[in-house]
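Remarks on the structure that follows.
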Amino acid sequence: MPRTDAPLVVLGPGAIGGLVAALLERAGHPVTVVGRAGSVAQVAAHGIAVESDLVGSWTAQPAAAAQVPHGACVIVAVKAEGLEAAAALLAAAAPAEVLSLLNGVEHLDALRAALPGTRVVAGTIAGETLRTSAGRDGPLTVRHRGRLLRVVAPADAAGLASVRALRDTAADVVVDGTQAQVLWLKLRFLAPMALLTSRWDAGLGEALDRDPAGAQALLAEVAAVASAEGVPTTAQDLHAILAGLPPTMRSSLQADVEAGRAGELDAIGGAVQRRGRSHGVATPALDTTIAAVEARLR
């Protein structure tokens, strides 16, 4: 692919960011990881160790920095709670382009507001990925389970340097559809998966079966909101998608709730609630599910 003089940066070396940075470096793209001081020091000293069912195991040695280089092409992979700090770092760096891989839909408006005049696009990444390293005396370790590793970006993002670079990696990169379609095609199944696994603290298969009527009502409400957002969806569509995923699959929200953190509960569940209200779509099953997860946190 054509090279660009702008540095390539991954902002947020968590599970997704760590995996993306390692994949890019393995594909021959010099990349800099930007994050908090502890993570930056860990990556600089020990690198990123990847264990993947799809592409094997290796240790990447990307550059690491506390600030985004000026004029960089940036892939944002922070968690929702890190969005405000990420936006501030980006605003100071005047990036050439930004590709966000956050979950949810509301982060795009926040990043665009912080970066007027900068091309900001939201993509999605699908795959069961967890950051597993404990302590900072070894590499940042990322575990990617299963064969699913797909990045989706809207059709008009095909020319972004970050998208072109990702196409050189082992990820399945799809560039198609509108911005709303890209975000809602993921959120429509991510929301029920994350909420149900977190509510019941179980793998996806068991979480769907624990209260079938409640799960079906939740799927119907999420489908109605997705449809109102321009992505026609039925509860049957969502059940088929979830049933096709490994029944043992767990969500990152579930891991956060187990650790006593709200994580992306508001960015995922709350976003669907708010979009539902804006369209006049009632969401009692969704409200009940979110309240149950909040009760686990309390």
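In region 108-128, the residues that are among the basic types (Lys, Arg) form Cβ pairs under 9 Å with partners that are surrounded by fewer than 19 Cβ atoms within 10 Å (Cβ to Cβ) and modelled with pLDDT of 95 or more, at six or more places apart or across chains, as follows: Arg112/Thr118.
The single condition from (1) closer than 21 Å to Thr283 by Cβ; (2) part of a helix (DSSP H, G or I) that Gly205 fails is (1). Scanning region 18-36 for residues that are within 16 Å of Leu90 (Cα to Cα), surrounded by 20 or more Cβ atoms within 10 Å (Cβ to Cβ) and not hydroxyl-bearing (Ser, Thr, Tyr) gives Val33, Val34, Gly35.
Exactly one residue among Thr283, Thr248, Thr233 is over 28 Å from Thr178 (Cβ atoms), touching a residue at least 24 places away in the same chain (Cβ under 8 Å) and of a type in the set (Val, Ile, Thr), and that residue is Thr248. Taken over region 37-57, the criterion of being touching a Leu at 6+ places or on another chain (Cβ under 9 Å) and either open to solvent by 20 Å² or more (accessible area, probe 1.4 Å) or under 19 Å from Val163 (Cα atoms) (or both) is satisfied by His46, Leu54, Val55. When Arg147 is tested against (1) at pLDDT 95 or above; (2) surrounded by fewer than 21 Cβ atoms within 10 Å (Cβ to Cβ); (3) farther than 20 Å from Ile75 by Cα, just one condition goes unmet, and that condition is (1). Here is the figure for region 68-105: residues that are among the hydrophobic types (A, V, I, L, M, F, W, C), over 15 Å from Glu264 (Cβ atoms) and in a loop (DSSP other than H, G, I, E, B) total 4.
Can Ala207 be described as farther than 22 Å from Ile48 by Cβ, buried (at least 22 other Cβ atoms within 10 Å of the Cβ) and without any contact (Cβ under 8 Å) to a residue 24 or more places away in the chain? Explain how you work it out, then say what you get.
On the way: farther than 22 Å from Ile48 by Cβ: yes; buried (at least 22 other Cβ atoms within 10 Å of the Cβ): yes; without any contact (Cβ under 8 Å) to a residue 24 or more places away in the chain: yes.
Here the answer is yes, as Ala207 does meet what is asked.
Scanning region 157-194 for residues that are of a type in the set (S, T, N, Q) and either open to solvent by 40 Å² or more (accessible area, probe 1.4 Å) or in a helix (DSSP H, G or I) (or both) returns Ser162, Thr178, Gln179, Gln181.
With the structure loaded, tell me whether Gly269 is touching a Leu at 6+ places or on another chain (Cβ under 6 Å), part of a helix (DSSP H, G or I), open to solvent by less than 40 Å² (accessible area, probe 1.4 Å) and not aliphatic (A, V, I, L, M) or whether it fails that test. Answer is yes for this residue.
Annotation note: Cβ proximity below 8 Å between a residue of region 163-192 that is within 18 Å of Thr129 (Cβ to Cβ) and a residue that is polar (S, T, N, Q) and outside any helix (DSSP H, G or I) (sequence gap 6+ or interchain) occurs for Lys186/Asn103; Lys186/Thr124; Leu187/Asn103; Leu190/Asn103; Leu190/Ser251. Only residues that are among the hydroxyl-bearing types (Ser, Thr, Tyr), touching a helix residue (DSSP H, G or I) at 6+ places or on another chain (Cβ under 7 Å) and farther than 28 Å from Gly14 by Cα were counted in region 264-298, giving 1.
The values are calculated or read from the model by the stated rules, or taken from the named source; none is laboratory data. Keep in mind the model is a prediction, meaning the values are calculated, not measured. Neighbour counts are summed over all protein chains in view; Cβ atoms, including those assigned to glycine, are modelled from backbone coordinates with ideal geometry. Please note that ligands, DNA and RNA were not included when accessible areas were found on the heavy atoms of the full protein model with its side chains. Shrake-Rupley method; radii C 1.70, N 1.55, O 1.52, S 1.80 Å.
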